[in-house]
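Participant: My questions will all concern the structure given below.
Values in this text are rule-based calculations from the coordinates and carry no lab data. The structure displayed is predicted, hence computed values, not measured ones. Here Cβ is always computed from backbone atoms with ideal geometry, including for glycine, and neighbour counts include all displayed protein chains.
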Amino acid sequence: MRCLTTKLSAIPILILLFASAHVAARTHKARGPVIAIQPTESTTPLVLLARPGWAQVEGDRGRRRLRLRTEETLTGIEETVSGWVAGGVRRHERGSSIFLVSSEVDSGARLPAVDQTGAFQLRPVLLVHDGRLSGAAWLEGENLKSMAVRYADWTGVDWGPVQTVARPGPGSQTALSGTCLDDGEALLVWSRFDGRDDEIYWSLREGASWTVPARVGADNGEPDITPVLARSGRSAALVWGRLGDGEYSLMSSTFRSGRWRAERTVSAPGAAFPSLVLSNDKLYALYRSASPAGWVVSELDAESRVVRQARVSESVRIRPLLTAFEPTGPVLRWRRPGRSATPRWNLQR
């Protein structure tokens, strides 16, 4: 399949603050937390501000308030050649459904709904290639322990037939993420319980069909969770959490020529909630560090190895936005209390 337009991650509400790619938060008087979400890849300072029933997009073209129902929450945004596409989850008595809105439709109107057979749809992932929406993937099932991975092409006016990428397994399937490679093929990863622990699984769309889901690496007997995926040159980079000795460390791997390369360690123990940002063809991982408490930015090379890191001490667990890069280090910005920090790079080689 050729991917024609955007990529977006929608997240179950329980993990929205922590496991989503690229989120920050601030309080909103009597209305609950407002989440600030940035795209994985963008050429403009695009940010989605969202809370249940309310959303606003900020960019170089100004601000736009979006109309949402009280039971709807937008969970991700991606840039397109002529604007953006955002997606989220609508809760209802029978379960939940995903929905998408786009600046390319009049006044940020809704895209048509995807077909739904299960009671719950969660975590929409919008796939973008060459600045155009290509398709969307999501989790769907009758309950949260029997979720399948689904996908549909975007034709430019409507959705194609829904495909099942992965049927429900022996337990939960969560934390779906995806990207489009340079050749337009779609790649998905997610965390799946295999009967003993969680493992990272993947599938690639080749032509009109998906490869049989498989583990990214060997079964290691340790829980592997929260995968995040991003395009990286002619490859794709994956970062996820792995439990060892009671603490999670971040691991990475590179997908190239149809296979995953050697796993590498990205962080010391006590790291969590990773996200990836692609800027000027360089890939950065942003994650929370437990000791010392704060946030770490790691630049990754083409083999997903850490080139350099920058660390900022911060007791607040609110995720910052990674907004710019100075010669000395990355610029992290918190929308509330409205401050920024530029920690210095520390070379790792």
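Participant: Would you pull out the residues with amide H under 5 Å of Ala230's amide H, same chain only if 5 or more places away, H placed 1.01 Å from N?
Facilitator: Hits under the 5 Å cutoff: Ala237.
Participant: Determine, at each q value in 0.10, 0.11, 0.12 (inverse angstroms), the log₁₀ of I(q)/I(0) that the Debye formula gives when each Cα of the range 13-347 is one equal point scatterer.
Facilitator: At q = 0.10, 0.11, 0.12 Å⁻¹ the computed log10 ratios are -0.54, -0.67, -0.81.
Participant: Highest first, please rank the peptides 167-179, 235-247 by the mean number of other Cβ atoms sitting within 10 Å of their residues.
Facilitator: Packing order, densest peptide first, comes out as 167-179, 235-247.
Participant: Right, next: Which peptide among 262-268, 208-214, 187-193 comes first, and what is the full order, when sorted by highest mean count of other Cβ atoms within 10 Å?
Facilitator: Top to bottom by mean Cβ count within 10 Å: 187-193, 262-268, 208-214.
Participant: Using only alpha carbon pairs under 8 Å that are at least six residues apart, calculate the relative contact order of the chain and give it in whole percent.
Facilitator: Over the chain, the number comes to 13 percent.
Participant: While we're on this one: Neighbouring Cβ atoms within 10 Å as the yardstick, rank Ile98, Ile77 fewest first.
Facilitator: Ile98, Ile77
Participant: I've got another one for you. Suppose every Lys and Arg Cβ carries +1 and every Asp and Glu Cβ carries -1, with no other charges. What dipole size does the chain come out with about its Cα centre, to the nearest 20 debye?
Facilitator: Taking the Cα centre of the chain as origin, the dipole is about 1180 debye.
Participant: Let me ask another. With 10 angstrom as the radius, rank Glu206, Glu303, Glu199 by how many other C-beta atoms surround their C-beta, starting from the fewest.
Facilitator: Ascending Cβ contact count within 10 Å gives the list Glu206, Glu303, Glu199.
Participant: Let me know the shape class of the range 120-271, please: from the alpha-carbon gyration tensor, a ≥ b ≥ c as square roots of the eigenvalues, rounded when a/c is under 1.5, otherwise prolate if a/b is greater than b/c, or oblate.
Facilitator: Here the range 120-271 falls in the oblate category.
Participant: Right, next: With a 10 Å Cβ neighbour count serving as the proxy for reagent exposure, in which order, fewest first, do His129, His92 appear?
Facilitator: His92, His129
Participant: Between the range 82-156 and the range 211-270, how many Å separate their Cα centres?
Facilitator: 25
Participant: Asp198's amide H: which non-local residues (gap 5+, or another chain) put their own amide H closer than 5 Å, with H modeled 1.01 Å from N in plane and none for Pro or chain starts?
Facilitator: Asp224
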